[in-house]
Structures are given as C-alpha cells and as structure tokens.
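To keep things clear, I will list the structure first and then write my remarks on it.
Every read-out reported here was derived from the displayed coordinates using simple, explicitly stated rules and does not represent laboratory data. Computed from a predicted structure; not experimentally measured. Don't worry about glycine lacking a Cβ; one is built from the backbone with ideal geometry, like all the others, and counts go over all protein chains shown.
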Amino acid sequence: MTEINCDMGEGFGLYRLGDDDALMPLISAANVACGFHGSDFNHMRATVRLAKRHGVKVGAHPSLPDLQGFGRREMKMGREELANCLIYQVGALCGFLQAEGLALNHIKPHGALYGMAGRDEEIAHAVCDAADVFRVPLYGMIGTLHESVYAARGHAFVSEYYADLDYDDAGRIVIVRSRGLVDAAQAAERVRRAVRDGRVRSVGGVDVAVRADSICVHSDTPNAVEVARAVREAV
C-alpha cells in the first residue's frame, strides 16, 4: 500500500485540534507538530505514544515561529536563524522519541515554510542545514526546490501528493488559513489518478504532474477521518 502520512498533534494546552485517536490507525506516518505552529510538550509526548501504540512512523513537522497564525504566514528569517529554529524543534521531538524507544523517520516542514522552501533557495538550504544534523529523509513536492536542492545536498527525498488540497496551474498546492469539508469520494478518486497516472486536475482545469511516494491528509480538515478512510481504501 502507498504510504499515507498525516499532519497531527496540533493541539495546544487545553485546546484540541483534529481527531488523532481516530486518524492514527488509518495512516502509516505521522508528521508531529513541534510546538511552533501547534502542539506543546504534553501534546508531543501523547502523539508519540499514540503513534507507537499503532506502529506508525514518526516524523517532525517544524514550522516558522507563528503559533497564533498556525504557521501559515510567511516570515523573513536568515538561513542560519531558520536552521537553528528547525534544529530546536526537531531536537525537542527527538527527545520524546528517545523516551519512547522510537527513531525519527523524516522531516517535513509545515505550512508557509513548506511553500517557501519550494521556491526560495536560501530557505531550502536552511531546511537541509537542519536535516544535516538528523540525517533522515525530507518530504516535499516534485518540480520544486524540495526535489532539486534536497537531492543535491544528499538528502533522501520523499514526494508527497496532497489528498485534501487543491493544486494551482503551476502544480503547487493552494495553502489556505483554514479548511472546509472535503468530498471524500472525490479525494479518493483523485488519489487513484495521482498514483496511477501521476496527474491531478488543477483549480484552473489543467492537468499537472504529481508523484505520490506518500499521500498526505490533514488532521485539521473537519472530516479528516472520513477522508483518510476513503484514501486508505483507494490505495
């Protein structure tokens, strides 16, 4: 089965976001928030424990330092400062992984940082500078600097397809501040085509190239469990 990954562990304090308990049995890799867009030390530990219970691999999902904006607002940060910001977050997750006897599986930047790393060479190199410390694969998108810079820096690259996001005519995902309901059946059909044909229809009606080494669903989609179940059945 094609890998399904999910951005999760994004609650904070008394606030919960997403049904991680229901999602975890449906996925094979969890991208765990590291405290800068969502999560905190208690949520991180609980999410790692939940993943361990279900035999799910754990990756780090670090962000720009934007808790109020959920990491979906762009910021100007220099390469060294950003690399340090990422090392700080991934290192924190690694502590909880070590406490539970697990290894870090991958790193996947979150939100605005993900988009910036795909088009800004300095940002992509900052991600690699942090990844040099941990030596695990990086998740990203084909046809962007994720693919070219990560590979040139010697990092294993895992290409994602997004089951619950739209793509623009250039093949980039459309990042939104908040999500509405997703048609699960339509998402499943799009996933089948992405896996089978390496194509998805953009918001402008153009077929764009994708590669689905791993399929991503988001825990903050209101019907995320329904979408994840449909995607799992599709692949």
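Can you name the residue in region 115-156 that is of a type in the set (Ser, Thr, Tyr), buried (at least 20 other Cβ atoms within 10 Å of the Cβ) and without any contact (Cβ under 8 Å) to a residue 60 or more places away in the chain and, of all such residues, is nearest to Gly204 (Cα to Cα)? It comes out as Thr144. Enumerate the pairs (first residue in region 157-171 and in contact (Cβ under 8 Å) with a residue 40 or more places away in the chain and at negative phi; second residue anywhere and crowded, with 19+ Cβ neighbours inside 10 Å and polar (S, T, N, Q)) with beta-carbon separation below 7 Å, excluding pairs fewer than 6 apart on the same chain, so at least 6 apart or on different chains. The qualifying pairs are Val158/Ser214; Glu160/Ser214; Asp164/Thr221. Counting only residues that are under 10 Å from Gly171 (Cα atoms) and among the charged types (D, E, K, R), how many does region 189-211 have? Final tally of qualifying residues: 3.
Restricting attention to region 179-194, the residues being surrounded by fewer than 17 Cβ atoms within 10 Å (Cβ to Cβ), in contact (Cβ under 8 Å) with a residue 24 or more places away in the chain and either within 19 Å of Val235 (Cβ to Cβ) or of a type in the set (S, T, N, Q) (or both) number 3. Taken as a whole, region 46-53 holds at least one residue that is assigned to a helix (DSSP H, G or I), surrounded by 21 or more Cβ atoms within 10 Å (Cβ to Cβ) and not aliphatic (A, V, I, L, M).
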